[in-house]
Amino acid sequence: MSAAHLFPTAVAGSLPKPAWLAETHKLWPQWKAEGKDLEDAKRDATLLWLKLQEDAGLDIVGDGEMSRQHFVHGFVENIAGIDRQNKVEMGIRDNRYKAMVPRVIGKLEQKSRAHPWEGAFCRAHTKRKLKFTLPGPMTIIDTIADEYYGDRIKMAMAFADLLNAEAKALQAEGVDIIQFDEPAFNAYTKQAGEWGIEALHRAIDGLTCKTAVHICYGYGIKANIDWKASLGDEWRQYEDFFPALAKSKIDQVSLECINSRVPPHLMALLDGKEVMVGVIDVATDAIETPEQIVATIKAALQYVPKNKLIPCSNCGLAPLDTAVAAAKLEALGKGAKLAREQFS
């Protein structure tokens with residue numbers, strides 16, 4: 001592999017919504033407009049972030065999830081069988097925190113595309129590799145209350161079928177990588193290996209584009225920071241299901257690395273996979289230096305072949321200031337460039 005193709009850069013998924021589109025610093029922001037004005041603003045924000053990602057030198061770009069209020073609920077908005085009006089409180093991520101969530105009250109059926117324009121729109125406005133993120137089946141069912149199926153696995157598989165249909169449509173529009181976000185894997189490590197990966201396989205069935213799964217320790221919000229503080233000197237959740245992921249049909253795995261207590265050697269459990277290594281910390285406003293990013297890449301290279309290492313962010317950047325996120329993307333681009341010079 002030539003130096004120019006080493007260490008292709010990407011972000012995990014979400015980016016901050018501009019203040020003229022939605023509330024800032026929130027994971028479930030309220031929109032600032034409605035109707036056609038809102039649709040136009042979503043497209044404008046998507047174009048802005050495509051340009052900023054390209055300007056930062058990123059090789060793999062995405063829509064930054066500009067059209068979605070929330071990474072899970074943006075997908076389920078147009079699914080029949082869900083009551084969004086009468087929400088209930090539910091503990092999510094193994095009761096790490098509580099949230100008011102919609103309820104599944106009938107058979108799940110997709111009424112219309114979850115993302116009817118985003119894939120084609122992004123493809124028309126960038127020549128870079130294009131990644132699109134969707135919530136994983138286990139994470140969806142951990143973020144919505146079941147009052148119909150009576151079986152977590154059965155409901156997860158129903159969502160997997162709907163995800164599969166959306167993924168196939170996105171692939172047809174020119175998306176190069178479909179990524180499923182599964183932070184719930186870290187909360188339910190045993191179930192991730194027992195049926196979570198099987199649900200992912202159902203979601204990627206028939207796809208010919210690259211597939212990825214993103215698993216991290218969450219956004220830089222208080223509930224996640226408090227949870228991390230309770231995990232001790234070593235965070236070993238990945239150890240429980242990475243061996244199963246290594247045997248899976250998924251092409252890429254995205255994980256948290258920089259400023260975490262994940263033992264780096266756990267990356268070796270993903271032998272054969274492309275690994276999106278988190279070199280950008282989303283839980284701080286501090287901007288990483290290119291040298292810091294190179295140091296994280298160097299640590300990962302002990303366990304990940306250089307032709308399979310993709311420098312990435314630990315998680316989405318949605319809650320950050322737009323200027324901070326843009327600066328972190330610029331640092332990511334510069335850090336990868338410096339790493340190519342050192343390790344090619």
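The values are calculated or read from the model by the stated rules, or taken from the named source; none is laboratory data. This structure is a prediction, so every number in the text was calculated from the model and none was measured. Using ideal geometry, Cβ is built from the backbone for each residue, glycine included, and neighbour counts are taken over all protein chains shown. Each accessible area value is taken on the protein alone, full model and side chains, heavy atoms only, with ligands, DNA and RNA left out. Shrake-Rupley method; radii C 1.70, N 1.55, O 1.52, S 1.80 Å.
Observations on the structure shown:
- Qualifying residue in the range 76-90 (condition: within 26 Å of Asp44 (Cβ to Cβ) and part of a loop (DSSP other than H, G, I, E, B)): yes
- Screening the candidates Lys154, Lys168 for the property of being closer than 15 Å to Gln110 by Cβ, free of Cβ contacts under 8 Å to residues at least 40 places away in the same chain and not acidic (Asp, Glu) yields one hit, Lys168.
- Scanning the range 103-120 for residues that are closer than 22 Å to Gly64 by Cα and surrounded by fewer than 19 Cβ atoms within 10 Å (Cβ to Cβ) yields a count of 5.
- Selected residue (only one of Ala160, Ala184 is open to solvent by less than 10 Å² (accessible area, probe 1.4 Å), farther than 23 Å from Asp59 by Cα, of a type in the set (Gly, Ala, Ser) and within 15 Å of the chain's Cα centre (by Cα)): Ala184
- Taken together, the residues in the range 189-229 that are within 21 Å of Ile177 (Cα to Cα) and basic (Lys, Arg) amount to 2.
- Residue in the range 144-153 that is within 16 Å of the chain's Cα centre (by Cα) and among the aromatic types (Phe, Trp, Tyr) present: no
- Of all residues in the range 76-109, exactly one satisfies the criterion of being under 22 Å from the mean Cα position of the chain (by Cα) and at pLDDT 95 or above, namely Ile79.
- Per the listing Gly193, Gly136, the residue uniquely touching a residue at least 60 places away in the same chain (Cβ under 8 Å) and within 21 Å of the chain's Cα centre (by Cα) is Gly136.
- The range 20-32: number of residues that are of a type in the set (A, V, I, L, M, F, W, C) and either in a helix (DSSP H, G or I) or open to solvent by 40 Å² or more (accessible area, probe 1.4 Å) (or both): 4
- Of all the listed residues (Ala331, Ala283, Ala325, Ala244), the sole one being under 20 Å from the mean Cα position of the chain (by Cα), in contact (Cβ under 8 Å) with a residue 24 or more places away in the chain and crowded, with 24+ Cβ neighbours inside 10 Å is Ala325.
- Residue that is least open to solvent (accessible area, probe 1.4 Å), among those in the range 37-69 that are of a type in the set (S, T, N, Q) and within 30 Å of Gly106 (Cβ to Cβ): Ser67
- Residue within the range 70-85 that is in contact with an Asp or Glu (Cβ under 9 Å, 6 or more places away or on another chain), surrounded by fewer than 14 Cβ atoms within 10 Å (Cβ to Cβ), of a type in the set (D, E, K, R) and farther than 24 Å from Ala12 by Cβ present: yes
- Members of the range 299-336 that are within 22 Å of Asp285 (Cα to Cα), out of contact with any helix residue (DSSP H, G or I) (no Cβ under 7 Å at 6 or more places or on another chain) and among the charged types (D, E, K, R): Asp321, Lys328, Glu330
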